[in-house]
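A short worksheet on the structure shown next.
The values are calculated or read from the model by the stated rules, or taken from the named source; none is laboratory data. Small disclaimer: the values here were computed from a predicted structure and weren't measured. We work out accessible area using only protein heavy atoms, side chains counted, and drop any ligands, DNA or RNA first. Shrake-Rupley method; radii C 1.70, N 1.55, O 1.52, S 1.80 Å.
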Amino acid sequence: MATECMLTTKDNPYDPFNQFASWFIFDVTNGYNSCGYLARIAHTSDALTEPENNAEIERAIDEIIKYDFMDVYRKVKREIKDT
């Protein structure tokens, strides 16, 4: 099994996997724009496979957290079936 990662904030009460709409509204309303931030850092591409893109997204999330001097962000993971 592979894993899928999402970037979220420590104060967001919603699950970005299962409650994405509520999670997204909370995120944007509070000025985080985590999806946009992740999109600027992750070097994903249609030329990459899904596992390669997932690995790049996880790398970018780890980088965001590494430089998160305000300690706002966290990574959440879930298992996904290999395709």
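What order do Leu48, Leu7 take when sorted by accessible area (1.4 Å probe), most exposed first?
Descending order: Leu48, Leu7.
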Average Cα contact separation per residue, the chain, under 8 Å, 6 or more apart, as relative contact order %
50
The chain: antiparallel bridges as % of DSSP beta bridges, rounded to 5, reads 100
Among (i) 12.8, 37; (ii) 23.5, 67; (iii) 11.8, 37, which one is Rg and Dmax of the Cα atoms in Å computed from these coordinates?
(i)
Between helix 50-66 and the chain, what is the angle of the helix's C-alpha long axis to the longest principal axis, kept within 0 to 90° and rounded to the nearest 10?
40
Taking the solvent-accessible surface of protein heavy atoms with a 1.4 Å probe, what is the per residue accessible area of the chain in Å²?
67
Quick one: helix 20-29 against the long Cα principal axis of the chain, what's the angle to the nearest 10°, folded into 0 to 90?
50
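For Phe20, Phe26, Phe69, what's the largest-to-smallest order of accessible area, 1.4 Å probe?
Phe69, Phe20, Phe26
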Heavy-atom accessible surface of the chain: percent carbon and sulfur, 1.4 Å
54
